[in-house]
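Asker: Sharing a structure here in structure tokens format.
The values are calculated or read from the model by the stated rules, or taken from the named source; none is laboratory data. Values in this document were obtained by computation on a predicted structure and should not be read as measured data. Don't worry about glycine lacking a Cβ; one is built from the backbone with ideal geometry, like all the others, and counts go over all protein chains shown. Note: accessible area is taken over every heavy atom of the protein model, side chains too, but ligands, DNA and RNA are not part of it. Shrake-Rupley method; radii C 1.70, N 1.55, O 1.52, S 1.80 Å.
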Amino acid sequence: MSYYQYGTQTTNQAGHLSIGGVDTIELAHEYGTPLMVYDVALIKQRIAGFKQVFEEAGVAYKVTYASKAFAAIAMYQLLAAQGVGCDVVSGGEIYTAQQAGFPLATASFHGNNKSAAELDYAVTAGVGTIVLDNFHEIDLLDQVLQEHDQKIDVLLRIAPGISAHTHEYIMTGQEDSKFGFDLKSGQATQAFEKVQALPRLNLRGVHCHIGSQIFETKGFEMAAKAMIDLLAQWAKTGFTAEVLNLGGGFGVRYTAADQPLAPQEYVRDIIAIVKKEATTANLPLPEIWIEPGRSMVAEAGTSLYTVGSRKDLPGIRSYVAVDGGMGDNIRPALYEAKYNAVLANDPDGAAVETVSIAGKYCESGDMLIWDLPLPQSQPGDVLAMFVTGAYGYSMASNYNRNPRPAVVFVENGQSRLIIKRETYADMAHLDLNESPSHL
Ligand SMILES: *Cc1c(COP(=O)(O)O)cnc(C)c1O
């Protein structure tokens, strides 16, 4: 097994990287590059991993995929077929899920500034749960529900003041956060009282999300304790929480330096923690909801790029440029995210040099990987960059008017185009081209 191997990745008889039984060099020829390739079997395996321990333990639960990691019609259809719910954070994600025929009753709507129009859309489309984030939103939602003469299930998003160990820019659980009702200052209980007074809002419990790329369960333990302490206070008013949603943030292995737990291990610990805390607080065990995003799709995604130009600075470094970059993967530029890559036509080849992989965008910061050991590469070689399935395509842009890549699903030796490559015309199609008068 090579160090790079995730899911069904292997070296085939041609000596090429294959994923889902499909030769990546053939994928690059058939669909062009940059290309995002998703290993469907691995996504299914991750989903099953998150469900397995809940099922075995006979604990009431819900797994919802945080669609912001990668949202597409085919993805929502895959989720629906695997029996998991989803989190949506915008009207656009609700729309995409709806186009996919996704059962929106199993969806939760998150976000710190949902508009009245988005809330109206969610209610009309039949989104099951609204995760209330702030006082303004409570009023907006109540108004929308009055207009439709409807009720809806809600959770309160709590900022428990716990920060998981991760990069500062992707931390959301600490006190000084734009998300949720603060625990310490009493906002959470104020929100509880406000919602309890509104009969159209059916409060089912609480939600928190302490961060991303979390490698141990200590943070979930601290968060669960804070949440159950809060629910114990509210229980004195006669309220019983049916749902404790502990969010997502389960880590993945971008490089050998990352040592995440398996989905089953996260879930096993979370069940034990919640059981213990609920017992201590003398509360009935709530349904446990989790919201993995990255950990369901990151490792299943591989980006294929074609190698182009090269710049050698003797004694300093060698830049090898590829035909994509920050437009299809902003994470290295935004978070200094680390990745690994191989030559898809020689995945096991011995490294003969160290190069830095540059994107093609007009930013010096558009670097995909610094200091990557690689066999000798030539223009036209295909570079396969691993673990790009989360927050890559979903954060893609048309910077420099570069089209966004195509996306394929691969499984059992078959490939299926699920998102077409953008064309120049696609990018210009919202531009008006009427008369040359200057206003
Ligand atoms: C982003 C987010 C998630 C998913 O986070 P991952 O790190 O991708 O698992 C889950 N819940 C909420 C509320 C989020 O904002």
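Asker: Going by the conditions given, is Thr423 in contact with a strand residue (DSSP E or B) (Cβ under 7 Å, 6 or more places away or on another chain) and without any contact (Cβ under 8 Å) to a residue 40 or more places away in the chain?
Answerer: On the way: in contact with a strand residue (DSSP E or B) (Cβ under 7 Å, 6 or more places away or on another chain): no; without any contact (Cβ under 8 Å) to a residue 40 or more places away in the chain: yes.
No; evaluated as a whole, the condition is false for this residue.
Asker: In the range 388-435, which residues are within 16 Å of the ligand (Cβ to nearest atom) and open to solvent by 40 Å² or more (accessible area, probe 1.4 Å)?
Answerer: Once the filter is applied, which keeps residues that are within 16 Å of the ligand (Cβ to nearest atom) and open to solvent by 40 Å² or more (accessible area, probe 1.4 Å), the range 388-435 yields Ser394, Met395.
Rundown of residues vs (1) buried (at least 21 other Cβ atoms within 10 Å of the Cβ); (2) more than 19 Å from Ser18 (Cα to Cα); (3) of a type in the set (Val, Ile, Thr), yes/no style:
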residue	(1), (2), (3)
Thr306	no, no, yes
Leu313	no, yes, no
Lys338	no, yes, no
Ile357	yes, yes, yes
Tyr361	no, yes, no
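Asker: When you look at Leu145, is it in the same structural domain as Asn202 (by TED's automatic domain parsing), more than 26 Å from the chain's Cα centre (by Cα) and open to solvent by less than 20 Å² (accessible area, probe 1.4 Å), yes or no?
Answerer: For Leu145, the condition - in the same structural domain as Asn202 (by TED's automatic domain parsing), more than 26 Å from the chain's Cα centre (by Cα) and open to solvent by less than 20 Å² (accessible area, probe 1.4 Å) - is met.
Asker: Is one or more of the residues making up the range 286-297 more than 21 Å from the chain's Cα centre (by Cα), surrounded by 18 or more Cβ atoms within 10 Å (Cβ to Cβ) and either in the same structural domain as Ile214 (by TED's automatic domain parsing) or outside any strand (DSSP E or B) (or both)?
Answerer: Residues of the range 286-297 that are more than 21 Å from the chain's Cα centre (by Cα), as a first pass: 286-287.
Adding the requirement that they be surrounded by 18 or more Cβ atoms within 10 Å (Cβ to Cβ) leaves 286.
Filter once more, so that each one left must be either in the same structural domain as Ile214 (by TED's automatic domain parsing) or outside any strand (DSSP E or B) (or both): 286.
Yes, the range 286-297 contains at least one residue that is more than 21 Å from the chain's Cα centre (by Cα), surrounded by 18 or more Cβ atoms within 10 Å (Cβ to Cβ) and either in the same structural domain as Ile214 (by TED's automatic domain parsing) or outside any strand (DSSP E or B) (or both).
Asker: A further question follows. Sort through Thr189, Thr217 and tell me the only one that's more than 13 Å from the ligand (Cβ to nearest atom) and open to solvent by 30 Å² or more (accessible area, probe 1.4 Å).
Answerer: Thr189
Asker: Based on this model, can you work out whether Thr279 counts as free of Cβ contacts under 8 Å to residues at least 24 places away in the same chain and more than 28 Å from Ile43 (Cβ to Cβ)?
Answerer: yes
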